[in-house]
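Enquirer: Dropping a structure here in structure tokens format, bear with me for questions.
The values are calculated or read from the model by the stated rules, or taken from the named source; none is laboratory data. Please read all numbers here as calculations on a predicted model, not as lab measurements. All Cβ positions, glycine included, derive from the backbone under ideal geometry; neighbour counts span all protein chains shown. These area figures cover heavy atoms from the full protein model, side chains too; ligands, DNA and RNA do not enter into them. Shrake-Rupley method; radii C 1.70, N 1.55, O 1.52, S 1.80 Å.
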Amino acid sequence: MPLICVCSPKGGVGKTTLAANLAWALARAGNKVLALDFDVQNALRLHFGVPLTDGRGYAARAAESADWSQSVLSTGSNLFVLPYGDVSEAQRWAFEECLTRDEHFLSRGLSSLLNYPGLIIIADFPAGPSPALKAVSRLADLHLVTLMADTASLSLLPHVENNRLTGEALNQKAGQYVVLNQSDNRRQLSRDVTTLVEERLGENVLGVIHRDESVSEANASQQAIFDFNPASSAAFDIELIARRIACILDINVGDGTVHSAPGMSGF
Ligand SMILES: Nc1ncnc2c1ncn2[C@@H]1O[C@H](COP(=O)(O)OP(=O)(O)OP(=O)(O)O)[C@@H](O)[C@H]1O
Ligand SMILES: [Mg+2]
């Protein structure tokens, strides 16, 4: 296992970028990692060098196929991606119908992956509520709610605190944490929002990622931020978040297995 979900009430906040770079970070530390896309935008694969023209994925045939692992693509020695794939409107609808009506649909489709020894799964979700986010809640070990250090994200904080993404607590295992993205020290408003969210959520803020042009440039060249610009502030921030996740979930990060830090708990 473990299964880590990256979600948000808001679009365009950096969920896919975070999911991809966390997958890179944990894979670089020697773990087998699968990046799993639940978003019909099918963008997660692009972070791993899969060409735009490659529409392979699991969602189109998920309703008929009991095992989605056949659609896993290998992108490196220990890094894999399971793309959503190109789908017609009817296929998307059928997939979401199965997710909504059959409570075992997701666990069946992911069964062999969830049981693969030592495999870390990082799942990326579309913005806001979705059938996939609701269905995955029972299986997930940790949820990372991504927000931006701006007033639009701040106004959605009550959605996160009051469980409005799925109507119930997102996570019943290690909990849910907030990652604040694109914090910009040069802008007063961004500094203020960052401070306010940190004060309000305390240890439930797992990390802050600074606004960094290297991130967009790394994305454009389909590279991990760690390869594109290892000295960037975003690379440092995301590495730190990966280490905190490893700490919470007892994942190996290369310097020995770290154990849960006392006092760390998701809300
Ligand atoms: N820390 C950062 N600094 C600068 N740019 C960033 C940072 N994080 C993400 N971005 C940029 O923000 C944009 C949105 O990122 P991304 O696609 O990951 O967001 P998303 O939440 O997955 O969006 P969607 O809701 O559409 O799925 C991208 O252009 C990305 O390069
Ligand atoms: Mg996305």
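Enquirer: Quick test of your reading of the structure: residue 135 fulfils all but one of (1) touching an Asp or Glu at 6+ places or on another chain (Cβ under 8 Å); (2) within 26 Å of residue 25 (Cα to Cα). Name the failing condition by number.
Expert: Residue 135 satisfies every listed condition except (2).
Enquirer: In the set 215, 205, 253, which member is modelled with pLDDT of 95 or more and crowded, with 19+ Cβ neighbours inside 10 Å?
Expert: Only one candidate passes the filter, namely 215.
Enquirer: Which of the residues belonging to region 100-114 are touching a residue at least 12 places away in the same chain (Cβ under 8 Å) and open to solvent by 40 Å² or more (accessible area, probe 1.4 Å)?
Expert: 100, 103, 108, 111, 112 - these are the residues of region 100-114 that are touching a residue at least 12 places away in the same chain (Cβ under 8 Å) and open to solvent by 40 Å² or more (accessible area, probe 1.4 Å).
Enquirer: Here's another thing I want to ask about it. Residue check: is residue 168 part of a helix (DSSP H, G or I) and open to solvent by 10 Å² or more (accessible area, probe 1.4 Å)?
Expert: Answer is no for this residue.
Enquirer: How many of the residues making up region 121-165 are of a type in the set (Lys, Arg) and either outside any helix (DSSP H, G or I) or within 13 Å of ligand 1 (Cβ to nearest atom) (or both)?
Expert: Qualifying residue count for the region: 2.
Okay, residues lined up against (1) over 25 Å from residue 152 (Cα atoms); (2) assigned to a strand (DSSP E or B); (3) within 15 Å of ligand 1 (Cβ to nearest atom):
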{"site": "173", "(1), (2), (3)": "yes, no, no"}
{"site": "181", "(1), (2), (3)": "no, yes, yes"}
{"site": "190", "(1), (2), (3)": "no, no, yes"}
{"site": "196", "(1), (2), (3)": "no, no, no"}
{"site": "203", "(1), (2), (3)": "no, no, no"}
{"site": "207", "(1), (2), (3)": "no, yes, yes"}
{"site": "215", "(1), (2), (3)": "no, no, yes"}
{"site": "222", "(1), (2), (3)": "yes, no, yes"}
{"site": "239", "(1), (2), (3)": "yes, no, yes"}
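Enquirer: State whether the residues of region 19-30 include one that is touching a strand residue (DSSP E or B) at 6+ places or on another chain (Cβ under 7 Å) and without any contact (Cβ under 8 Å) to a residue 40 or more places away in the chain.
Expert: Within region 19-30, none of the residues are touching a strand residue (DSSP E or B) at 6+ places or on another chain (Cβ under 7 Å) and without any contact (Cβ under 8 Å) to a residue 40 or more places away in the chain.
Enquirer: A follow-up question, please. Does any residue of region 28-40 turn out to be surrounded by fewer than 20 Cβ atoms within 10 Å (Cβ to Cβ), closer than 21 Å to residue 217 by Cβ, among the small types (Gly, Ala, Ser) and within 13 Å of ligand 2 (Cβ to nearest atom)?
Expert: no
Enquirer: Would you say residue 9 is open to solvent by 10 Å² or more (accessible area, probe 1.4 Å) and either part of a helix (DSSP H, G or I) or free of Cβ contacts under 8 Å to residues at least 12 places away in the same chain (or both)?
Expert: No, not satisfied.
Enquirer: Out of everything in region 120-152 that is more than 15 Å from ligand 2 (Cβ to nearest atom) and open to solvent by less than 10 Å² (accessible area, probe 1.4 Å), what residue ends up being farthest from residue 103 (Cα to Cα)?
Expert: 149
Enquirer: If you go through region 44-59 one residue at a time, how many are open to solvent by 30 Å² or more (accessible area, probe 1.4 Å) and either assigned to a helix (DSSP H, G or I) or of a type in the set (A, V, I, L, M, F, W, C) (or both)?
Expert: Residues that pass the stated criteria total 2.
Enquirer: Let me ask another. Would you please name the residue that is least open to solvent (accessible area, probe 1.4 Å), looking only at residues in region 70-94 that are among the aromatic types (Phe, Trp, Tyr) and within 25 Å of residue 116 (Cβ to Cβ)?
Expert: In this case the residue turns out to be 84.
Enquirer: Looking at (1) more than 14 Å from the chain's Cα centre (by Cα); (2) away from ligand 1 (no atom under 15 Å from the Cβ), find the lone condition where residue 41 falls short.
Expert: Of everything listed in (1) more than 14 Å from the chain's Cα centre (by Cα); (2) away from ligand 1 (no atom under 15 Å from the Cβ), residue 41 misses just condition (2).
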